[in-house]
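A.B. asks: Quick one: this structure, given as structure tokens, is what I'll be asking you about.
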């Protein structure tokens, strides 16, 4: 059993780390303060091939494995959660459903520009009254002749209201199943579709330079072939998409924990109290030791889940475990990192404050920690 990364994966890690340090770190704090989505950084991340990493080259992707994709997200998150969110949502939630479930025509239409970062895609799942209970969606799609007509709304949709958003994968109710539950289907809605209103959300505590949107559908008409896969496949597509997305949220937790640890370790060696660096105090050493141990455990769990996916084996249980554990590890690590920084850790002049805020989303988005535990428990009977 080997835990070594391939030469290609190590090169990718190094190149993404250098990019994040050189291009993202100098502007991350300012972008966060302004709540400003960076088109420049998105363009550069696209040029690096960070969108469509796992997509076949025939559609414009890099054709790498999922471990490589997760490493890239991890390294971006080590510096800034907002830019990591742009990459993670752009890949797992935007590109993923089209790549895995789209027709050949849909793939050729959307994937090439999505894989270069010229265009972004969002995944319209959450609604004001349907979060963890996604089956309670109220957005409806009705077939009218040769067109689907969509009405409803979505909320908290990443990458959905930028100037380069090209398409949004939207889940809608298309009827009732025999047991009375909603039948769900997914549709590819062009961002410029008449009747679609996209509104950027502001005043966020976290991921302030990531784009988050509210969507409103007022008689949005789509051709019959805008459906993703078959009518009624939406729930299965959603579950599969979230399994992959949980791995990227896990990567954000892992990367964020590593970034906060690095900041704390550096600060502990620089900050002096009672005539010596605070790193020399056992209380600080024990905090750092626990942080390092949990980060290592999180990395091994996440990489195992990705390895299972890459090898075509069931990975849903491990995706939920990795998402849950990595996000909660980041919570414990950033809390300790702020404690090590003392009063300075509460100031926006220090990056650890931003990491502390960004972490909270990870225990809520892509399924709350409570939902992850429910998913894991259901798998225990398998």
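Values quoted throughout were computed directly from the atomic coordinates according to the rules given, and no laboratory measurement underlies them. Quick caveat: nothing in here was measured; it's all calculated off a predicted structure. Ideal geometry is used to build each Cβ from the backbone, glycine not excepted, and the neighbour counts take in all protein chains shown.
A.B. asks: For the range 7-120, with equal point scatterers placed on the C-alpha atoms only and solvent neglected, what are the log10 I(q)/I(0) values from the Debye formula at q = 0.12, 0.15, 0.16, 0.19 1/Å, to two decimals?
C.D. replies: Calculated log10 I(q)/I(0) at the listed q: -0.39, -0.60, -0.68, -0.93.
A.B. asks: Moving on to the next point. What is the distance in Å between the Cα centres of the range 126-164 and the range 299-319?
C.D. replies: Spelled out, the Cα-based centre of one part sits 30 Å from the other.
A.B. asks: Can you tell me the 0 to 90 degree angle between the C-alpha axis of helix 369-379 and the longest principal axis of the chain, rounded to 10?
C.D. replies: 70 degrees
A.B. asks: Averaging over every viewing direction, what projected area does the convex hull of the Cα atoms of the chain cover, in nm²?
C.D. replies: The directionally averaged projection comes out at 19.6 nm².
A.B. asks: Once both axes come from the Cα atoms, what is the angle between helix 7-19 and the longest principal axis of the chain, in degrees from 0 to 90, rounded to 10?
C.D. replies: Orientation of helix 7-19: about 80 degrees from the principal axis.
A.B. asks: Further question: Peptides 97-105, 1-9: what's the order by average Cβ count within 10 Å, highest mean first?
C.D. replies: 97-105, 1-9
A.B. asks: Still on this model: State, to one decimal in nm, how far the label point of residue 332 lies from the label point of residue 270, with both points 7 Å from Cα in the Cβ direction.
C.D. replies: 2.7 nm
A.B. asks: If one computes the Cα centroid of the range 166-198 and of the range 38-105, what distance in Å separates the two points?
C.D. replies: 23 Å
A.B. asks: Tell me, 240, 137, 327 in order of fewest to most beta-carbon neighbours within 10 Å?
C.D. replies: Fewest to most other Cβ atoms nearby, the residues stand as 240, 137, 327.
A.B. asks: I want to check the label-to-label distance for residue 230 and residue 14. Put each point 7 Å from Cα in the C-beta direction and report it in nm to one decimal.
C.D. replies: 4.9 nm
A.B. asks: Using a 10 angstrom cutoff on alpha carbons, build the Gaussian network for the chain and name the most mobile of 171, 339, 83.
C.D. replies: 339
A.B. asks: Helix 351-362 against the longest principal axis of the chain: what's the angle in degrees, Cα atoms only, rounded to the nearest 10?
C.D. replies: With rounding to tens, the tilt is 40 degrees.
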